[in-house]
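All remarks here apply to the structure that follows.
The values are calculated or read from the model by the stated rules, or taken from the named source; none is laboratory data. Predicted, not measured: the structure shown is a model, and the values here were computed from it. Because the Cβ atoms are built from the backbone with ideal geometry, glycine has one as well, and the counts that use them run over all protein chains shown. Just the protein is used for accessible areas: all its heavy atoms, side chains included, with ligands, DNA and RNA removed. Shrake-Rupley method; radii C 1.70, N 1.55, O 1.52, S 1.80 Å.
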Amino acid sequence: NLPSEKVLVDNLYLFIFAGFDTTKGSFGGFLHFLNENPRVQELLVEEVKEFDATVLDVDQLKNGAPILNAFLAESWRLTAPLTSHATITTEALWYKEYFFPKGTHIEIDIQAHAKMNDELYPDAENFCFERWLPKDHPLYDPSKANTTEIDYNVMNSKFRTFDHGAHACLGGHFAKLQVRIILTRLLQSYKLEVQNDRTRTFPMRQFLNDLKLIKREAK
């Protein structure tokens with residue numbers, strides 16, 4: 001049976017506001033890493049400046065902007081909008097050498113999973129957008145690349161920023177679309193100057209900052 005119009009509208013509101021909340025929670029990290037890595041902002045501006053100034057092509061943003069997508073993936077890897085998720089075992093199970101009885105409450109730290117995982121991400125603790133670039137990109141460096149192919153657009157166990165399975169962030173894909181559009185438009189028109197950059201560690205690790213937009217001169 002097809003869902004009713006009310007169900008469709010309710011789901012639309014859910015995705016929009018869930019996506020908005022994820023987007024809002026992400027921008028502190030984006031701005032922090034742009035502030036710490038001014039060269040990245042220059043590279044991003046160079047990449048998006050030729051994109052249509054009137055109507056953005058979503059496919060172009062997803063598949064034709066490797067630096068933008070590498071920057072987003074690395075920022076989200078280090079500052080996931082979701083810090084953790086909780087679950088309960090529905091049956092007794094073994095994981096490696098650990099035994100979990102049925103009904104065990106398990107808390108999984110999403111940020112630590114990516115930031116402490118040198119097996120997947122060489123020098124995992126530090127920001128390195130180049131690790132996400134395709135092999136044919138001029139800035140690709142095999143010494144910095146992920147040790148296995150990881151698609152950040154897919155919610156999976158290797159890239160848990162938006163979690164996966166039953167616990168996946170419902171607004172994750174919508175947030176990625178929003179962020180690509182917002183950042184592209186900002187970078188096309190303004191220089192982003194980050195001020196009062198600071199870190200909050202409780203109840204979750206986040207970057208707090210202020211943003212000053214400086215209008216770019218038309219060329």
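Among all positions in region 123-135, there is no residue which is in contact with a Gly (Cβ under 7 Å, 6 or more places away or on another chain) and either open to solvent by 60 Å² or more (accessible area, probe 1.4 Å) or not in a loop (DSSP other than H, G, I, E, B) (or both). Within region 96-119, if we keep just the residues that are closer than 16 Å to Gln206 by Cα and among the small types (Gly, Ala, Ser), the residue that is modelled with the highest pLDDT turns out to be Ala114. Scanning region 92-106 for residues that are more than 30 Å from the chain's Cα centre (by Cα) and on the phi > 0 side of the Ramachandran plot turns up just one, Gly103. Criterion first (open to solvent by 60 Å² or more (accessible area, probe 1.4 Å), hydrophobic (A, V, I, L, M, F, W, C) and modelled with pLDDT of 90 or more) does Leu187 satisfy it? Judged against the criteria, Leu187 is not a match. Residues that are at pLDDT 90 or above, among the polar types (S, T, N, Q) and under 22 Å from Gln178 (Cβ atoms) within region 64-95 comprise Asn69, Ser75, listed in sequence order.
Residue-level check: of (1) among the acidic types (Asp, Glu); (2) touching a strand residue (DSSP E or B) at 6+ places or on another chain (Cβ under 6 Å); (3) in contact (Cβ under 8 Å) with a residue 60 or more places away in the chain, Glu107 misses just (3). The residues of region 171-190 that are without any contact (Cβ under 8 Å) to a residue 60 or more places away in the chain and within 22 Å of Glu36 (Cβ to Cβ), listed by number, are Leu186, Tyr190. Only one of the listed residues (Ala114, Ala70, Ala80, Ala53) is assigned to a loop (DSSP other than H, G, I, E, B) and crowded, with 19+ Cβ neighbours inside 10 Å. That residue is Ala80. In this structure, is Glu46 open to solvent by 40 Å² or more (accessible area, probe 1.4 Å) and among the charged types (D, E, K, R)? It is true that Glu46 is open to solvent by 40 Å² or more (accessible area, probe 1.4 Å) and among the charged types (D, E, K, R). Can you find even one residue in region 11-34 that is over 19 Å from Ser189 (Cβ atoms), among the polar types (S, T, N, Q), modelled with pLDDT under 90 and in contact with a Cys (Cβ under 7 Å, 6 or more places away or on another chain)? Yes, because at least one residue in region 11-34 is over 19 Å from Ser189 (Cβ atoms), among the polar types (S, T, N, Q), modelled with pLDDT under 90 and in contact with a Cys (Cβ under 7 Å, 6 or more places away or on another chain).
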